[in-house]
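Data first, discussion second: the structure below is written as structure tokens.
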Amino acid sequence: MSEDHPVVVVIDDDISVQESLEDLLRSVGLEVRSFATSQEFLQLKFPDAPGCIVLDVRLPGGSGLEFQKILLTSKIQLPIIFISGHSDIPTCVKAMKSGAVDFLTKPLREQELLDAVQMGIERDRVRRREDKIVAELRERLDSLTPREKEVLSLVIAAHPNKVIAAQLGLSEMTVKVHRSQITRKMRAKSQIELVRMADKLGVLAAKP
């Protein structure tokens, strides 16, 4: 699996709906994994590839909305496209507020579904790229010494070397050396870029 081979998960207890969606999605070159229940899906080790879930709102053993809540608290971050045999506006609103890509009613319009699936896959691709960037930045941050992390939190708060030195009981020259090391290890090309990196990592700016 790779970024070029996305996977679409279909969860619907109606076999005829499963087969119809499989035929449609495979006709545009997408790989499909179908399940009758959300519990079956949770037993799957999902491949390392972008994807999305086409999820029926009404499922045996728990609703699609309940499953959406489970996914929000799990490590599975696949975008969801809800499908339903009923035009239920309150349910639709809840689903969309919780981050669903779309809410489609049966009988499904083929192009409408394909557009929603492509939107979901692209959303997942963006998330995966962002996760990869953050993971790489986390490795760089972990390479800093405890003292360098202290200096970093003051640097991103835009405090001058003199203030940082006084706060940490260091000489200005030592602070300059630490700043140089931080910039090198984080591979930051500027102060602004360093601040952006710290923001992605959730590093808080320290007050003197």
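When the range 69-96 is filtered for residues that are surrounded by 13 or more Cβ atoms within 10 Å (Cβ to Cβ) and of a type in the set (S, T, N, Q), the ones remaining, listed by number, are GLN77, SER84, THR91.
Close contacts from the range 64-83, counting a first residue that is in the same structural domain as LYS45 (by TED's automatic domain parsing) and touching a residue at least 60 places away in the same chain (Cβ under 8 Å) and a second that is surrounded by 13 or more Cβ atoms within 10 Å (Cβ to Cβ) and in a loop (DSSP other than H, G, I, E, B), with Cβ to Cβ under 8 Å and a gap of 6+ residues or different chains, come to LEU78/PHE46; ILE83/ASP12; ILE83/VAL57; ILE83/LYS106; ILE83/LEU108. Being in a helix (DSSP H, G or I) and closer than 15 Å to PHE35 by Cα is the filter; apply it to the range 56-101 and report the residue that is modelled with the lowest pLDDT. Checked the range 56-101; the qualifying residue modelled with the lowest pLDDT is GLY64. Scanning the range 155-192 for residues that are within 29 Å of the chain's Cα centre (by Cα) and either at pLDDT below 95 or surrounded by 15 or more Cβ atoms within 10 Å (Cβ to Cβ) (or both) gives VAL155, ILE156, ALA157, ILE182, THR183, LYS185, MET186, ALA188, LYS189, SER190, GLN191, ILE192.
I'd like the full set of residues that are over 26 Å from the mean Cα position of the chain (by Cα) and hydrophobic (A, V, I, L, M, F, W, C), limited to the range 5-22.
Hits for the range 5-22 are ILE15, VAL17.
Residue pairs whose Cβ atoms lie under 9 Å apart, sitting 6 or more positions apart in sequence or on different chains, and linking a residue in the range 1-26 that is of a type in the set (Asp, Glu) and at pLDDT 95 or above to a partner that is in a loop (DSSP other than H, G, I, E, B) and surrounded by fewer than 17 Cβ atoms within 10 Å (Cβ to Cβ), do not occur here.
Across the range 1-58, which residue is surrounded by the most Cβ atoms within 10 Å (Cβ to Cβ) among those that are polar (S, T, N, Q) and farther than 19 Å from GLU110 by Cβ? The qualifying residue surrounded by the most Cβ atoms within 10 Å (Cβ to Cβ) is SER38.
The values are calculated or read from the model by the stated rules, or taken from the named source; none is laboratory data. It should be emphasised that the depicted structure is a prediction, and the values quoted were computed from it without experimental measurement. All Cβ positions, even for glycine, are placed from backbone atoms using ideal geometry, and neighbour counts span all protein chains on display.
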